[in-house]
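Below is one structure, written out as structure tokens, with a few remarks after it.
The values are calculated or read from the model by the stated rules, or taken from the named source; none is laboratory data. No experiment lies behind these values; they were computed from the predicted model shown. Here the Cβ positions follow ideal geometry from the backbone for every residue, glycine too, while neighbour counts run over all protein chains shown.
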């Protein structure tokens, strides 16, 4: 169900049970309970720095590994953003943000244009963070972009510490999403596209 710029998505499979509530015009209030503390920390950063309200709960097959939990939360969160944005009337649509964290620096560019297309250069392959294969956070961005129907370019430009690289990416995503999903009063109810639809 969705109303205004909020949406709730529920997803149940043999691997996970997920419930996600998103309010785009929020204040950064986040509740994230996935069973993966570092992932909860990243979801908190995403909501707080984007000023989105999230209530995210997942029970997953963590005895197998974290893959299904992270992937299914990304799918559900992406679908919630897509539903909350509706026809995407009046939104800024495109935005970018840099985010530093000590020695790490990330850049994320977002286009809420209705086509899910991730382009990612994170440098996370082969690393582990918070007890999780760090490449799963690249996969989070990938799954989120596809399901949210957004073009997302994300790049870790610098950073020796894996925790810092991942957190900078999530903070940059938060700020870019905040900018792209804002309502532009100059647009009114218009769709920000030469096609007239997204």
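Of the residues 168, 172, 154, 160, which single one is in contact with a helix residue (DSSP H, G or I) (Cβ under 8 Å, 6 or more places away or on another chain) and under 20 Å from residue 124 (Cα atoms)?
Of 168, 172, 154, 160, the one residue that is in contact with a helix residue (DSSP H, G or I) (Cβ under 8 Å, 6 or more places away or on another chain) and under 20 Å from residue 124 (Cα atoms) is 154.
Restricting attention to the range 46-76, and to residues there that are part of a helix (DSSP H, G or I) and more than 11 Å from the chain's Cα centre (by Cα), which single residue is farthest from residue 34 (Cα to Cα)?
That would be 49.
What's the number of the only condition in (1) within 27 Å of residue 161 (Cα to Cα); (2) touching a helix residue (DSSP H, G or I) at 6+ places or on another chain (Cβ under 6 Å) that residue 112 fails to meet?
(1)
Going residue by residue through the range 22-29, is there one that turns out to be touching a helix residue (DSSP H, G or I) at 6+ places or on another chain (Cβ under 8 Å), under 20 Å from residue 152 (Cα atoms) and either outside any strand (DSSP E or B) or at pLDDT below 95 (or both)?
yes
Take residue 106 and tell me if it is outside any helix (DSSP H, G or I), surrounded by fewer than 22 Cβ atoms within 10 Å (Cβ to Cβ), touching a residue at least 24 places away in the same chain (Cβ under 8 Å) and in contact with a helix residue (DSSP H, G or I) (Cβ under 6 Å, 6 or more places away or on another chain).
Answer is no for this residue.
Could you please let me know if residue 40 is in contact with a strand residue (DSSP E or B) (Cβ under 6 Å, 6 or more places away or on another chain) and assigned to a strand (DSSP E or B)?
Judged against the criteria, residue 40 is not a match.
What's the number of the condition residue 163 fails, among (1) assigned to a helix (DSSP H, G or I); (2) closer than 27 Å to residue 9 by Cα; (3) over 10 Å from the mean Cα position of the chain (by Cα)?
Going through (1) assigned to a helix (DSSP H, G or I); (2) closer than 27 Å to residue 9 by Cα; (3) over 10 Å from the mean Cα position of the chain (by Cα) one by one, residue 163 breaks only (2).
Would you point out which residue out of 187, 169, 157 is part of a loop (DSSP other than H, G, I, E, B), over 13 Å from residue 111 (Cα atoms) and in contact with a strand residue (DSSP E or B) (Cβ under 8 Å, 6 or more places away or on another chain)?
Just one listed residue meets the conditions, 187.
Confirm whether residue 15 is surrounded by fewer than 22 Cβ atoms within 10 Å (Cβ to Cβ), in contact (Cβ under 8 Å) with a residue 40 or more places away in the chain and touching a helix residue (DSSP H, G or I) at 6+ places or on another chain (Cβ under 8 Å).
When the stated conditions are applied, residue 15 passes them.
Tell me which residues, restricted to the range 109-133, are over 30 Å from residue 92 (Cα atoms) and part of a loop (DSSP other than H, G, I, E, B).
If the condition is that a residue be over 30 Å from residue 92 (Cα atoms) and part of a loop (DSSP other than H, G, I, E, B), then 124, 125, 126, 127, 130, 131 are the ones that fit.
Among (1) touching a strand residue (DSSP E or B) at 6+ places or on another chain (Cβ under 7 Å); (2) within 21 Å of residue 25 (Cβ to Cβ); (3) free of Cβ contacts under 8 Å to residues at least 24 places away in the same chain, where does residue 138 come up short?
The single condition residue 138 does not satisfy is (2).
Within the range 109-123, does at least one residue satisfy the condition of being more than 14 Å from the chain's Cα centre (by Cα), modelled with pLDDT of 95 or more, over 24 Å from residue 79 (Cα atoms) and surrounded by 19 or more Cβ atoms within 10 Å (Cβ to Cβ)?
There is no residue in the range 109-123 that is more than 14 Å from the chain's Cα centre (by Cα), modelled with pLDDT of 95 or more, over 24 Å from residue 79 (Cα atoms) and surrounded by 19 or more Cβ atoms within 10 Å (Cβ to Cβ).
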